[in-house]
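Structure record follows, encoded as structure tokens.
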Amino acid sequence: MKFKEIPKSYIKVILDRLFRFKPAHERYERVFNDILNKFLIAENDEISKIHQLDLQEKINLATEIFNSNISPSKDDKDIKDYIKNEEKRIFHKNELSDIYLEAKLNYKNALDIIKDEPDLKDNLRQIVEFSLLKEDSKKLRKKHSLLFPIEKILLCEGATEEILLEKLCKICGYDFRKEGIYVLGAGGKNQVARKYYNMAEVIKIPIFILLDSDAIQTKELIESKLKPKDKIYIIQNGEFEDILPKKLIINALNCRYNSCLECFEEDFHKNTKTAKELYEIFKQKGFGDFKKADFAKTIKEYIDLHPPKKDELTDEIIKITHMIKTL
């Protein structure tokens, strides 16, 4: 059979998908199917034969197509051992994953092709550094703030936490990128339990779940299946916006909307949810529509420019940081 040449840009796509934070059988199945569909030149009578191939034959064919674009690698053992060890450390055993991980892909020379590409994603930056330097992966993560390899998962409700938790915990002295903390927003409190159930079935590393105070039912659902290594915390009163320091919010808004009417501490009232107050403030001050994700980005940008000190954060943020650190 004949193959099309795989462009350098698509080799980068393939490697990105191979080294994402998912079980091996999910990563490799997608990659190998893409290779066969996009780069195999087959006549009509050959297409039916391809569909009849068993899994190992498809793996071998996809591997052959990939490697035909890559010079043979003689020093892949460290990378292949690392991939297998990480799979064993992070995910529960899966027979399909074991089969896919035996594929004889030329990882080292494929990584050499894309190593100087700009804006490599975290997963690719990490494996490129490992392939070049052959240093301990955790030392590389700390040295270069690579995020990977992942040590813990932080599962939260939505975009505000997903955008801001890393920044706030770093102020408290706990750097997610150096410690390997992977933040995952579930897309709402109603999705958190389902996400946790799915992850708990396949993931071995610890999971920390953060919920708003109105997610009592979700907390109970998770607690019924909570694994000993995992931990759940529910915000004491309100939602994530309520544990942000008011001074931080005010300064960030005034920095972002400095051409409009200023925001003051008097604009916030006790016993009222911060998100509700922000909705009114945005309307009154002419800031536009209040959207949680955009608001979180505004806070993040302000922190990048004017990072507060740890003692300027709320006790609950400090407590959450400590719980994640000690998980």
Per-peptide average of other Cβ atoms within 10 Å, ordering 234-245, 161-172 highest first:
161-172, 234-245
Spelling out what I want: for every residue of the range 18-31, take phi, set θ = phi - 60°, compute 6.51 cos²θ - 1.76 cosθ + 1.60 (Karplus), and round to whole Hz; glycine and proline get x.
5, 10, 6, 7, 8, x, 4, 5, 6, 5, 6, 4, 5, 4
Collect residues whose amide H, placed 1.01 Å from N in the peptide plane, falls under 5 Å from the amide H of E151; neighbours closer than 5 in sequence don't count.
I181, Y182
Between L226 and E64, what FRET efficiency comes out of the Förster formula 1/(1 + (r/R0)^6) with R0 = 45 Å and r the beta carbon distance, rounded to 0.05?
0.50
Return D16, D119 ranked ascending by Cβ neighbour count within 10 Å, so the fewest neighbours appear first.
D119, D16
Grab the Cα-Cα distance for T326 and K204, subtract it from 0.36 nm times how many residues apart they are, and report the gain in nm with one decimal.
42.2 nm
How high is the relative contact order of the range 243-307, given as a whole-number percent (alpha carbon pairs under 8 Å, six or more residues apart)?
34
Cα radius of gyration and Dmax for the range 104-201 (Å):
15.9, 44
Quick one: which residues, 5 or more positions from F3 or on another chain, have an amide H under 5 Å from its amide H? H modelled 1.01 Å from N in the peptide plane, none for Pro or chain starts.
I41
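For the range 57-114, what ratio Rg/Rh do Cα atoms give with a Kirkwood hydrodynamic radius? Write down the numbers at each step before the final one.
Details: Rg = 12.2 Å, Rh = 12.3 Å.
With Rg and the Kirkwood Rh in hand, the quotient comes to 0.99.
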Rounded if a/c is under 1.5, else prolate if a/b is larger than b/c, else oblate: which is the range 91-160, with a ≥ b ≥ c the root eigenvalues of its Cα gyration tensor?
oblate
Spin-label model distance (nm) - K22 vs I216, 7 Å beyond Cα toward Cβ:
3.8
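Report, to one decimal in Å, the Kirkwood hydrodynamic radius for the chain based on all distinct Cα pairs.
22.5
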Cα-derived Rg to Rh of the range 166-235, Kirkwood definition
0.97
Would you mind giving the three semi-axes, in whole Å and largest first, of the ellipsoid equivalent to the range 243-307 according to its Cα gyration tensor?
16, 14, 12
Can you list the HN-Hα couplings for the range 206-219, worked out from phi with the Karplus curve (6.51, -1.76, 1.60; θ = phi - 60°), rounded to whole Hz and with x for Gly and Pro?
x, 10, 10, 10, 10, 10, 6, 5, 8, 9, 4, 5, 4, 4
Taking the range 1-91, which GluC sites (Glu not before Pro) meet the DSSP loop condition and have no more than 13 other C-beta atoms within 10 Å?
E5, E43
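Work out the P(r) tail for the range 208-327: percent of alpha carbon pairs separated by more than 27 Å, whole number. Mind showing how you got there, number by number?
On the way: 1839 of 7140 pairs.
Roughly 26 percent, rounded to a whole number.
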Antiparallel content of DSSP bridges confined to the chain, in %, to 5:
20
Whose amide H sits under 5 Å from the amide H of I209, counting only residues 5 or more places off or on another chain, with H placed in the peptide plane?
L155, K231, I232, Y233
When the chain is modelled as a GNM with alpha-carbon springs shorter than 10 Å, which of L124, L261, L40 fluctuates the most?
L261
One can check that the equivalent ellipsoid of the range 2-144, built from the alpha-carbon gyration tensor with semi-axes equal to the square roots of five times its eigenvalues, has lengths in Å, largest first, of 27, 18, 12
Per DSSP helix of 4 or more residues, -39500 (n - 2.57); summed, then divided by the residues of the chain. What does that give at 222 nm, rounded to the nearest 500?
-17000 deg cm²/dmol
May I ask you to evaluate 6.51 cos²θ - 1.76 cosθ + 1.60, the Karplus curve with θ = phi - 60°, for each residue of the range 256-267 and list the ³J(HN,Hα) values in order in whole Hz, giving x for glycine and proline?
6, 10, 5, 8, 10, 5, 6, 9, 10, 4, 5, 6
Fewest first, what order do Y279, Y100 take by the number of other Cβ atoms within 10 Å?
Y279, Y100
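Every number in this text was worked out from the coordinates using simple rules, so none of it is lab data. Note that this is a predicted model, so its numbers are computed, not measured. A quick note on method: Cβ atoms are made from the backbone with ideal geometry, for glycine too, and the neighbour counts reach across all protein chains shown.
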